[in-house]
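Let me begin by presenting the structure, written as structure tokens, before commenting on it.
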Amino acid sequence: MDISLPIKNSTDTIVVRKIFCMAKNYAKHIEETASEKPDMPILFIKPDTAIIKNGGTVMLPEESNNVHYEIEMVCIIGKSGKHINFENAMDYVYGYAVGIDVTLRDIQLQAIKSGHPWSIAKGFDTSAPISEIIPKEKVDDPYNLGLRLWLNGELKQDGNTNNMIFKLEEIISYLSRFFTLERGDLIYTGTPSGIGPILSGDRIRAEISNLVTLDVQIQ
């Protein structure tokens, strides 16, 4: 079944296609996870069943005892393209949203230690909350947007997209070498520092520069 995301101040929607996610795209987040700075974009994919909208509920799998929040700016692709040039990459952007990459940290770390893929840790159902979309024409500068996340009313993440290591032009151009990008593709662009655990009963609010907000509960 198609999943459609609402567009702010509009009755139009965009159907979600592929969901790409960036790892290690903020230096301070790399530091807090004791990782190494990548030489090229590191990407993974979530299924569309990971999506939940504003007001939805993140369902915590019983198999994990350490689940983390990660706020991210999400870029929404507006038209199809392949082998997109760096210089033209922003022509393919429809707009932006605020999202949360919910991660089963214990399962992810065990998979990494064993040399196995960690798709379950990142792609389980309800692991990709996302707000409504704001068209790019309403955003003055995508590289100067505040990313703030509150857990039960306490500010936990307070970053800015100007600290992204790989900018949208590079991410889009790189992705399009391997995948045909389509209208409705989502790109979660990485998280700043301040990640931490969530528990059943918690509530999260995320916002991107007062443009759009996202509220979810944890169960």
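The values are calculated or read from the model by the stated rules, or taken from the named source; none is laboratory data. Since the model is a prediction, treat every value here as computed from it, not as a measurement. Positions of Cβ are backbone-derived with ideal geometry, glycine not excepted, and every protein chain shown enters the neighbour counts.
Annotation note: of Val93, Val102, Val58, the sole residue that is within 18 Å of the chain's Cα centre (by Cα) and either farther than 23 Å from Asp158 by Cα or of a type in the set (Asp, Glu) (or both) is Val93.
With respect to (1) modelled with pLDDT under 95; (2) in a loop (DSSP other than H, G, I, E, B); (3) not hydrophobic (A, V, I, L, M, F, W, C), the lone exception for Lys113 is condition (2).
For every residue, the table says whether it meets (1) under 17 Å from the mean Cα position of the chain (by Cα); (2) at pLDDT below 95; (3) farther than 24 Å from Ile204 by Cα; (4) not in a strand (DSSP E or B).
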{"residue": "Met1", "(1), (2), (3), (4)": "no, yes, yes, yes"}
{"residue": "Ser64", "(1), (2), (3), (4)": "no, no, no, yes"}
{"residue": "Glu87", "(1), (2), (3), (4)": "no, no, yes, yes"}
{"residue": "Asp106", "(1), (2), (3), (4)": "no, no, no, yes"}
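For the stretch 12-65, give me each residue that is touching a residue at least 60 places away in the same chain (Cβ under 8 Å) and at positive phi. Of everything in the stretch 12-65, those that are touching a residue at least 60 places away in the same chain (Cβ under 8 Å) and at positive phi turn out to be Lys24, Gly55.
Results for (1) under 21 Å from Gly56 (Cβ atoms); (2) among the aromatic types (Phe, Trp, Tyr); (3) more than 17 Å from the chain's Cα centre (by Cα), shown as yes or no for each residue.
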residue	(1), (2), (3)
Val139	no, no, yes
Tyr143	no, yes, no
Ser176	no, no, yes
Leu199	yes, no, yes
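When Ser193 is tested against (1) at pLDDT 95 or above; (2) under 27 Å from Asp106 (Cβ atoms); (3) out of contact with any Leu (no Cβ under 7 Å at 6 or more places or on another chain), only condition (1) is not met. When Glu62 is tested against (1) of a type outside the set (A, V, I, L, M, F, W, C); (2) in contact with a strand residue (DSSP E or B) (Cβ under 7 Å, 6 or more places away or on another chain); (3) closer than 15 Å to Thr126 by Cβ, only condition (2) is not met. With the structure loaded, tell me whether Ala50 is under 17 Å from Ser119 (Cα atoms) and modelled with pLDDT under 95 or whether it fails that test. In short, no. For the stretch 159-181, residues that are surrounded by 16 or more Cβ atoms within 10 Å (Cβ to Cβ) and not in a helix (DSSP H, G or I) total 7. When Trp150 is tested against the conditions (1) part of a strand (DSSP E or B); (2) surrounded by fewer than 17 Cβ atoms within 10 Å (Cβ to Cβ), the lone failure is (2). Kindly check whether there is at least one residue in the stretch 12-21 that is in a loop (DSSP other than H, G, I, E, B) and more than 25 Å from Phe124 (Cα to Cα). The answer is yes, given that some residue of the stretch 12-21 is in a loop (DSSP other than H, G, I, E, B) and more than 25 Å from Phe124 (Cα to Cα). With respect to Gly78, determine if the residue is of a type in the set (Gly, Ala, Ser) and surrounded by 16 or more Cβ atoms within 10 Å (Cβ to Cβ). Here the answer is yes, as Gly78 does meet what is asked. Residues of the stretch 32-59 that are out of contact with any strand residue (DSSP E or B) (no Cβ under 8 Å at 6 or more places or on another chain) and part of a helix (DSSP H, G or I): Glu32, Thr49.
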